[in-house]
Amino acid sequence: MGGRDEQDKLIVRSVDGKGEHFEDILEQHLSRRSFLKTAAVTSGLVVAATAMGVDVATAQTRPAPMLPKFRKVSPTAPEVDEIAVPDGYYAATLIRWGEPIFADAPEFDVWTQTKEKQEKQFGYNCDYIGYFPLPSYTSNNSTRGLLVVNHEYTNPELMFPGYDVENPNPTKTQVDVELAAHGVTVIEVARGRDGRWNVVRNSPYNRRLTGYTPMTISGPAADHEWLKTNADPTGRNILGTLNNCAGGRTPWGTVLTAEENFHQYFANLRRLPDGDYRKAIHARYGMPSGASERRWENFHDRFDIAKEPNEGFRFGWIVEFDPYNPNSVPVKRTWLGRFRHEAATIVIAPTGQVVAYSGDDARGEYVYKFVSNGRYNPRNRAANFNLLDDGMLYVARFNADGTGEWLPLKHGFGPLNEGNGFMSQGDVLIKTRNAADALGATKMDRPEDIETNPVNKKVYIILTNNSQRGVGNGPPVDAANPRANNRAGHIIELTEEGNNHAATRFTWNIFILAGLPTDESTYFAGYDKSKVSPIGAPDNIVFDLAGNAWVATDGAASAIKLNDGLFAIPVAGSERGHVQQFFSSVAGSEVCGPEFTPDNRTLFLAIQHPGEGGTFDKPISTWPDRQGLPRPSVITIQAFDNRRIGQ
C-alpha cells in the first residue's frame, strides 16, 4: 500500500528461499475445477456442493443476500482530478493533512511547518481507518466515536518547496517534520444535526503517535540481543512507529497498527562487516546498501545501520494501543511476527481463542495468522490485554488441489532449529521471513489486507499484484497465483476447516482475478464479465452488514490505466462476483481504509498521496481545496436520504 513502496517491490527477495514453487500446480488446479463442473452436471447440486465443502442443507434454506444497489460510477482516467460518487450520495472532506487536532494546536502553514506543530496536527498519507464508538467499545453508537487513522509515509516532494526527490538533500527541520507526520492520529468525531461529521478538537481522547513516541515491546523477542541499541541497552524502550499501513481492532477495544515498509528509512547496510550475521537478515528484509531515499540518517544515527545495526529490528511489528486511554503506552507484539505487515485482522474462534490474520506486503512473500493460547473474556476487558503475547504464529501453504495448511513458526519444528540458525523462539520471530522460507510456505503476489467476513465466516486475501510472477527470477506461476505478470492482482477466498479460525487446515478458491473485463485472463467468480466494472490492484477490503465485500484499490493507474476507486462485490447469490464501482478517486492517489459506522450509514475513506507524480512546485492535483497543495485527507460518504450505504 502506498505509491512510495512500489519502486522497491519490483525487487523480489524471497526467490532463494525454500518455498515450493508448484510449477505444475496451475494445470492441476484447473483440472480439478473442470472435474467439479462435470460433477455438477452429471451428479447434481449435492455432489458438486459437497466437493466444494458447501453445507447443502443450509445452502438451500439460507435467505437471499441483501445485494448492493446503486447506480455505479464510471471509471476515470488517471489525469482526472475529481472524485465521483453514485447518484444520491455526497462526499465531504472530514480532515486534511496539517489540520489541528487539539484546541491549542496551530493552524496549518506549509511555509512555517515544524516538528512541534506537526505533532499537534493530522499526519500525512492517511491509510487505515478504524471507527471506535463512544462512550465505550461495547457501544454501537454511529453518531459519535473515535477515528483512528494511520499515516503510512510522507511525500517530501509534495510537502516542501524545491525538494529534489531524485537528489534529496533535506534540512533537519524537514526530516523532523516527516518523522512527526508519520504514525497514527486519534480524533473524536461527531455527526451533527445536519448529518455532516466534524472533528471535536477539544476532546480528551485526541492523540498523535509519531516516529518519536515512546513505545515498548513484548513477547518472545522482547529480550533478544538484536533489539538492544546504544541509546536503549534494555531493548525495551523503542522510539516511534513508522510506515503504518493497514491495521485492525480487537474485540476488547484496542487498536492494532501495522508497520509495513520500514526498510526504506534505513541506510548503509554495505558498511556492516560481511562476517556480521545481521547483514544477511537485514538484506532479506530489503535494507538499502547505501544511502536511504530520505536521508534521515544524515541527522539521526539510529537510521544508519553501520552506527546502529539493531535499530531496524525494532520495526516491522504489529503495535497495540488503547484509543480510549490517551496515556496508554503502545506495545509492539512480537508473537505476530516481524515482516512488512499490511494488516492485523482479529476474529474470535469457536474455542474463544484470538486469531489475527496478516499479510507480508511484498512480491513473493507470505500469508500469516496468529492463534492465541488464551481465550477471549468478554466480561473482563483487562484480562484480554496480553492475549497477543502467548500463542503461535503460522504461515500458509496453498496446495494445488484447493486445500492448504497452516505451518507453525515454532522453534524446534522441522528446520527451525539451532543448526539452521534459529536459536530461540524470539530468533524465529525476528527472522519471520527466513523461517517461512525454511518451512516451504507459498510465495504470494503481494499479500495485503486479509479480512474475515462476519456473515459467511470466510477469509478474503487481497493480493495486489506481482509483475515478476513467472518472469525472470520471479517465482513461477502456481495454483494460488495463477497468472504470470500479474499486474492487476487477485483475491482468494479461504475457508477454515470447520469454520474454525484456529484450525490448521483450510480450503481455498480464486474469487477474483482483477483487471479489465476485456482481458481474457480476468475472472469475477464466474459472473458475466460484460457487466462488471474494471478493477485493478485491489488493496483493502471491508464487509457491510449483509456480508458484501467493498474493495479499495492501489495502483489501478499502472495496472489498468484508470484512477483508483472503491468497489462493491457480492460474495453470495446470483450476483456473486458482480464488481460495481462505487467511488472514483483523484489524480495520483490511492483509496485506503474503507470503514463503515456500525449502522452502515456513513462510509469513511482515506485518500492517500493525491498528486503523487507531481511536486510542490509543479502539482498534478489540487485536491481537496482546489488551491495550493494536494493534501491527503479522510472523507465521509453518505446518502442524501440517510439510507445504508449501497442499499
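The values are calculated or read from the model by the stated rules, or taken from the named source; none is laboratory data. Every value quoted in this text rests on a predicted model; they were computed, and no experiment measured them. Because the Cβ atoms are built from the backbone with ideal geometry, glycine has one as well, and the counts that use them run over all protein chains shown. For accessibility, only protein heavy atoms count, side chains too; no ligands or nucleic acids. Shrake-Rupley method; radii C 1.70, N 1.55, O 1.52, S 1.80 Å.
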Only one of these is among the hydrophobic types (A, V, I, L, M, F, W, C), over 16 Å from Arg446 (Cα atoms), within 22 Å of the chain's Cα centre (by Cα) and at pLDDT 95 or above: Leu494, Leu513. Name it.
-> Leu494
What are the residues in region 101-136 that are farther than 23 Å from Cys245 by Cβ and within 26 Å of the chain's Cα centre (by Cα), if any?
-> Lys120, Pro133, Leu134, Ser136
Per the filter on region 528-541, residues among the polar types (S, T, N, Q) and part of a helix (DSSP H, G or I) are Ser530
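Do you know which of the residues in region 63-87 that are over 22 Å from Gln608 (Cα atoms) and at pLDDT 95 or above is most open to solvent (accessible area, probe 1.4 Å)? Spell out the reasoning first.
Residues of region 63-87 that are over 22 Å from Gln608 (Cα atoms), as a first pass: 63-72, 87.
Keeping just the survivors that are at pLDDT 95 or above gives 70-72, 87.
Details: Phe70: 32, Arg71: 170, Lys72: 87, Asp87: 104 Å².
Per the stated criteria, the residue is Arg71.
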List every residue pair whose Cβ atoms sit under 6 Å apart, with the two residues 6 or more apart in sequence or on different chains, where the first one lies in region 346-363 and is open to solvent by 10 Å² or more (accessible area, probe 1.4 Å) and the second, anywhere, is of a type in the set (Val, Ile, Thr).
-> Ile346/Thr250; Val347/Val355; Val347/Thr452; Gln353/Val371
Inside region 222-236, can you point out the residues that are farther than 10 Å from Arg314 by Cα and modelled with pLDDT of 95 or more?
-> His224, Glu225, Asn230, Ala231, Asp232, Pro233, Thr234
Members of region 104-132 found to be open to solvent by 10 Å² or more (accessible area, probe 1.4 Å), in contact with a strand residue (DSSP E or B) (Cβ under 7 Å, 6 or more places away or on another chain), part of a loop (DSSP other than H, G, I, E, B) and in contact (Cβ under 8 Å) with a residue 24 or more places away in the chain, listed by number = Ala105, Glu119, Lys120
Among the residues of region 177-197, the number that are more than 12 Å from Thr636 (Cβ to Cβ), open to solvent by less than 20 Å² (accessible area, probe 1.4 Å) and not polar (S, T, N, Q) is 11
Asp232 vs. criteria free of Cβ contacts under 8 Å to residues at least 24 places away in the same chain and open to solvent by less than 10 Å² (accessible area, probe 1.4 Å) | yes
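Within region 263-282, count every residue that is among the aromatic types (Phe, Trp, Tyr), buried (at least 20 other Cβ atoms within 10 Å of the Cβ) and within 18 Å of Lys431 (Cα to Cα).
Within region 263-282, the first condition is being among the aromatic types (Phe, Trp, Tyr), and the residues that meet it are 265-266, 277.
Still in the list and also buried (at least 20 other Cβ atoms within 10 Å of the Cβ): 265-266.
Those left that are additionally within 18 Å of Lys431 (Cα to Cα): 266.
Summing the residues that are among the aromatic types (Phe, Trp, Tyr), buried (at least 20 other Cβ atoms within 10 Å of the Cβ) and within 18 Å of Lys431 (Cα to Cα) in region 263-282 gives 1.
Of the residues Pro170, Pro135, which single one is surrounded by fewer than 16 Cβ atoms within 10 Å (Cβ to Cβ) and in a loop (DSSP other than H, G, I, E, B)? Write out each step before concluding.
Details: Pro170 fails: surrounded by fewer than 16 Cβ atoms within 10 Å (Cβ to Cβ).
None of the other options fit; the residue is Pro135.
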How many residues are assigned to a loop (DSSP other than H, G, I, E, B) and either out of contact with any strand residue (DSSP E or B) (no Cβ under 6 Å at 6 or more places or on another chain) or of a type in the set (Val, Ile, Thr) (or both) if we restrict to region 339-398?
-> 9
Name the pairs: first residue in region 169-185 and closer than 16 Å to Phe266 by Cα and touching a residue at least 12 places away in the same chain (Cβ under 8 Å), second residue open to solvent by less than 10 Å² (accessible area, probe 1.4 Å) and small (Gly, Ala, Ser), Cβ to Cβ under 6 Å, at least 6 apart or on different chains?
-> Leu179/Gly211; His182/Gly211
